[in-house]
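First up is the structure itself, then whatever we jot down about it.
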Amino acid sequence: MYRKTWLALVLIFACSAPLASQVGGKKRRPLPYEFGRVTISTYSQRASMSPVVFEHWLHRSMFTCRVCHVDVGFAMKPGASNIKAADNQKGYYCGACHNGRMVANGRTVFAACSKMVKEEDAARCDRCHSEGKQIPSEHDFTQFAKSMPKERFGNGIDWQQAEELGLIHPADFVPGLSIKRKNLRVENDFSLNAKVAGMPDIIFSHRKHTVWNGCELCHPEIFVGVKKGSSKYSMATIFEGNSCGACHNTVAFPLTDCQRCHTRPVQP
């Protein structure tokens, strides 16, 4: 009985997530190489430029989430940072790394926006302002994903395992940008009771999350309290992009992969 209930719930959640996102906009489920992609069009079109296309998979293969969302200061929701070209020119947001001087993976990172744009700069601008354009990329997702451990949903890559196996080495400190942090004690894993009979309880791992996020990415902006039970949430609010859904709707493995969180066996 419990097993049948569990399987039925898995199917409900797996189907409801994409359907919920399609209400009104009729959005299709993104292809693996599109998962996590963000389009930034706050000011681009006013300047007669194509919107910026940001590939999360490429950046997370080199940096932790904390570097960008804590040290650099990108907001968690697309468009909330209100990025301007002038900000990039001053070394903020994208310009913190895309300054023509920083070296990542043995290569100099191309500069973002410039005050004086020459005709020969058009190709450099198109590397970011690429929506609707056929711009050749120096980084091929399909080739990158071939050597990565596989995941059923999202972009098909198990990023947690990739980091644990040493296949990727996401930097958590950028000289001149990050501040040195004291190593805090990592809290033990704990369980969260499922609200539906037959659904396995959630086992939450602080260790797995702090590798990518540290403490300050989740607390206090996403989870106000640090005491278990102080933050209230449900699957409905999570699907709306709150609490766990801040990441697991868009970039981290999606909510359709129920068994990644609901892992404690059901007791008969």
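The values are calculated or read from the model by the stated rules, or taken from the named source; none is laboratory data. Because the structure is a prediction, the values reported are computed rather than measured. A quick note on method: Cβ atoms are made from the backbone with ideal geometry, for glycine too, and the neighbour counts reach across all protein chains shown. Side chains are part of the model used for accessible areas, which takes the heavy atoms of the whole protein and leaves out ligands, DNA and RNA. Shrake-Rupley method; radii C 1.70, N 1.55, O 1.52, S 1.80 Å.
Show the residues, 5+ positions off or on another chain, whose built amide H is closer than 5 Å to the amide H of Phe63.
Sorted by chain and number, the residues that satisfy this are Ala171.
If you fit an axis through the alpha-carbon atoms of helix 2-22 and take the longest principal axis of the Cα set of the chain, what angle between them do you get, 0 to 90°, nearest 10?
30 degrees
More than 34 angstrom separation, counting every C-alpha pair in the chain; what % is that? Walk me through the numbers on the way to the answer.
Details: 8282 of 35778 pairs.
The answer is 23 percent, as a whole percent.
With no solvent and one point per C-alpha, what does the Debye sum give as log10 I(q)/I(0) for the stretch 154-239 at q = 0.15, 0.21 Å⁻¹?
So the normalised log intensities are -0.79, -1.31.
For every helix of n ≥ 4 consecutive DSSP H residues, a contribution of -39,500 (n - 2.57) applies; sum these over the chain, divide by its total residues, and give [θ] at 222 nm rounded to the nearest 500 deg cm²/dmol. Display every interim value, and only then the final one.
Working: 9 runs with 65 residues, N = 268.
Per the formula, -6000 deg cm²/dmol.
From the phi angles alone, apply the Karplus equation (6.51, -1.76, 1.60; θ = phi - 60°) to the stretch 72-88 and give each ³J(HN,Hα) in whole Hz, x where the residue is Gly or Pro.
7, x, 5, 5, 6, 9, x, x, 6, 7, 6, 6, 10, 4, 4, 5, 4
I'd like to check one number: the per residue accessible area of the chain, probe 1.4 Å, reported in Å² as a whole number.
Details: 17130 Å² over 268 residues.
Result: 64 Å² per residue.
Over the chain, with a Gaussian network built from C-alpha contacts below 10 Å, which listed residue (Val174, Val224, Val67) shows the highest mean-square fluctuation?
Val224
Check which residues have an amide H placed less than 5 Å from Ile157's amide H, if you skip close sequence neighbours.
Glu151
Which trypsin sites (Lys or Arg not before Pro) from the stretch 162-268 combine a DSSP loop assignment with at most 15 other Cβ atoms within 10 Å? Intermediate values should be presented prior to the final figure.
Working: sites: Lys180, Arg181, Lys182, Arg185, Lys195, Arg207, Lys208, Lys227, Lys228, Lys232, Arg260; in loops: Lys180, Arg181, Lys182, Arg185, Lys195, Lys227, Lys228, Lys232.
Of the trypsin sites (Lys or Arg not before Pro), the ones in loops of the stretch 162-268 whose Cβ has at most 15 other Cβ atoms within 10 Å are Lys180, Arg181, Lys182, Arg185, Lys195, Lys227, Lys228, Lys232.
Can you give the net charge of the other residues whose Cβ lies under 12 Å from the Cβ of Pro149, counting K and R as +1 and D and E as -1? Please report the intermediate quantities before stating the final value.
On the way: positive: Lys146, Lys150, Arg152; negative: Glu151, Asp158, Glu163, Glu164.
Cβ neighbours under 12 Å give a net charge of -1.
What FRET efficiency comes out for the pair Asn82/Gln143, r = Cβ-Cβ distance, R0 = 30 Å, nearest 0.05? Could you put the intermediate results ahead of the total?
Numbers: r = 35 Å, r/R0 = 1.15.
Once the sixth-power term is evaluated, E becomes 0.30.
For the chain, modelled as a GNM with alpha-carbon contacts under 10 angstrom, which of Ala162, Ala80, Ala111 fluctuates the most?
Ala80
Would you work out the charge dipole size for the chain about its Cα centre, treating the Cβ of every Lys and Arg as +1 and the Cβ of every Asp and Glu as -1, and quote it to the nearest 20 debye? Mind showing how you got there, number by number?
Numbers: 35 positive and 23 negative charges, 103 e Å.
For this selection, approximately 500 debye.
From the phi of every residue in the stretch 59-70, what ³J(HN,Hα) in whole Hz does the Karplus formula 6.51 cos²θ - 1.76 cosθ + 1.60 yield, where θ is phi - 60° and glycine or proline is x?
Result, ordered by residue: 6, 6, 6, 10, 9, 6, 5, 5, 4, 7, 8, 10 Hz.
Expressed as a whole percentage, what fraction of the accessible surface of the chain belongs to carbon and sulfur atoms when a 1.4 Å probe is rolled over the protein heavy atoms? Mind dumping the intermediate values first?
Details: 9740 of 17130 Å².
Roughly 57 percent of what the probe reaches on the chain is carbon or sulfur.
Quick one: net charge around Ala162, please, counting Lys, Arg +1 and Asp, Glu -1 for every other residue with C-beta under 11 Å from its C-beta.
-2
For the chain, modelled as a Gaussian network with Cα springs under 10 Å, which listed residue fluctuates most, Gly241, Gly73, Gly132?
Gly132
What are the ³J(HN,Hα) couplings of the stretch 213-227, residue after residue, when phi is run through the Karplus curve with 6.51, -1.76, 1.60 and θ = phi - 60°? Round to Hz, x for glycine and proline.
Karplus values, whole Hz, x for Gly and Pro: 10, x, 9, 6, 6, 8, 10, x, 5, 8, 10, 4, x, 10, 8.
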